[in-house]
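The values are calculated or read from the model by the stated rules, or taken from the named source; none is laboratory data. Only a predicted model underlies this, so the values are computations on that prediction, with no experimental measurement involved. Cβ placement follows ideal geometry from the backbone for every residue including glycine, while neighbour counts extend to all protein chains displayed.
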Amino acid sequence: MSEQSSAQEDPQARLVLRAVLRTDVGLVRSENQDFGAVTTKREERSNPLHGRLLIVADGMGGHRGGATASRLSVQTVKAQYLGADTGDVGAALRDALARANEKIYHEAQANPDLRGMGTTTSALVVRGSEGWIGHVGDSRIYRVRAGEIEQLTQDHSLVATMVREGLLTTQEAETHPRRNVLQRSMGVAEGVDIDILGPIDILEGDTFILCSDGLHGVVKEPELREMAQEPIEKAAEGFVRRALERGAPDNVTVIVARAETTVEPEEAIDDGLDETQPLDSLELADLDQGSKQTAKIPVVNPDPVPVAQPEPPASEAAPEPELDPDNAPTAKYPAPPKKSRFFKWPLVLLLALGAAGAWLYWTQPAPAVASQAPPDQNSAH
Ligand code: CA
């Protein structure tokens, strides 16, 4: 039942975190500016802190900038964390995020093409029965435990602040036109406030969802909680598919991870990975074909940092239950209509209507209306 009873049955029993990462460009954007990583077993063993590190980052800032910022953040956080010389996981996470912030900022200063780029970053480390979180921005980390879902991170967004201050309801925030505006993000200034949480307790069966707003913007907590009961591969794929069904206006990235009990000795666990795979190889379209492709996101900073590490189903995995019938289409994913033209025609129509409206407005005498919106430091993403 609980982790205690499992541990009592076998003194060798301990908790391991299995994780899968899925990402998709979505149906509207032309480029995936999200990035994510999960450390490999080999990396975890080489790191004195051990533990499994999971990261999701959602970049913003013009052509090239967003994808560069999120990739730089994930690569830097991972490399810094794995090279940490402290026994304190929370401190190591804080240092890793701070270093990533500096690196993105300086890269942006040095390269006019990248000026103003930034990214969210949400990282979770789980080591045995303890976990830590490092977080900036509005990507989220949820924990699903005993059928209840809890958002462990706090959004650093304008609307989240307005909700906290009682100026908006949660429902109003979800459709607010400025819901994408961040008040804190990585890489836009030389320093950044980093939320560090932990150690938090980890129980057997705890399921963690790390995701960009491309998921949590269109799939809400009751559904996340429900789908998180599934085996993690099916849950992650289901989340992305659900976002696609809702039009996926933004890039969608999710890591689903679950604490499970194992009696296998640590050295016996081998995920078969030495080197990391390009994140893009796990895009849904590629998964359909079971193929791997080379990275499509240009690597701007050719650092000798391991490329982001999505993890295949781990070898310690128990056999997965069959897909249930109401959720088992012939293909694992219905092929998403990538960059659908359907989304372009309403846009053209909307622009035409807008132009006509503007013409009518300017040709009629009308009272002056001014926008009271205060300027924000950070751009939408
Ligand atoms: Ca996003």
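Taking residues in region 211-225 that are free of Cβ contacts under 8 Å to residues at least 60 places away in the same chain, and partners anywhere that are surrounded by fewer than 24 Cβ atoms within 10 Å (Cβ to Cβ) and not hydrophobic (A, V, I, L, M, F, W, C), the pairs with Cβ atoms closer than 6 Å and at least 6 places apart or on different chains are VAL218/ARG246; VAL219/ARG242.
Does VAL192 meet the test of being at pLDDT 95 or above, under 22 Å from GLY62 (Cα atoms), in contact with a Cys (Cβ under 9 Å, 6 or more places away or on another chain) and buried (at least 22 other Cβ atoms within 10 Å of the Cβ)? No: the conditions fail for VAL192. ASP155 fulfils the conditions (1) modelled with pLDDT of 95 or more; (2) within 15 Å of the ligand (Cβ to nearest atom); (3) acidic (Asp, Glu); (4) farther than 30 Å from LEU114 by Cβ except for a single criterion, (4). Can you spot a residue in region 212-230 that is in contact with a helix residue (DSSP H, G or I) (Cβ under 8 Å, 6 or more places away or on another chain), closer than 19 Å to VAL38 by Cβ and among the β-branched types (Val, Ile, Thr)? The answer is no, given that none of the residues of region 212-230 is in contact with a helix residue (DSSP H, G or I) (Cβ under 8 Å, 6 or more places away or on another chain), closer than 19 Å to VAL38 by Cβ and among the β-branched types (Val, Ile, Thr). For region 133-152, a tally of residues being within 16 Å of the ligand (Cβ to nearest atom) and either of a type in the set (Ser, Thr, Tyr) or touching a helix residue (DSSP H, G or I) at 6+ places or on another chain (Cβ under 7 Å) (or both) returns 4. Looking at this structure, is LYS41 more than 28 Å from THR207 (Cα to Cα) and charged (D, E, K, R)? When the stated conditions are applied, LYS41 does not pass them. Tell me whether region 174-183 contains one or more residues that are over 22 Å from GLU245 (Cα atoms), in a loop (DSSP other than H, G, I, E, B) and more than 16 Å from the ligand (Cβ to nearest atom). Within region 174-183 (the criterion being over 22 Å from GLU245 (Cα atoms), in a loop (DSSP other than H, G, I, E, B) and more than 16 Å from the ligand (Cβ to nearest atom)), the answer is no, since none of the residues qualifies.
Note on region 195-230: residues that are surrounded by fewer than 19 Cβ atoms within 10 Å (Cβ to Cβ) and within 30 Å of GLY247 (Cα to Cα) amount to 7.
Looking across region 49-84, the residues that are polar (S, T, N, Q) and either away from the ligand (no atom under 16 Å from the Cβ) or over 19 Å from the mean Cα position of the chain (by Cα) (or both) come down to GLN75, THR76, GLN80.
For first residues located in region 32-51 and within 19 Å of PHE208 (Cβ to Cβ), partners that are within 16 Å of the ligand (Cβ to nearest atom) and charged (D, E, K, R) and lie 6+ apart or on another chain with Cβ distances below 7 Å form the pairs ASP34/ASP58; PHE35/ARG71.
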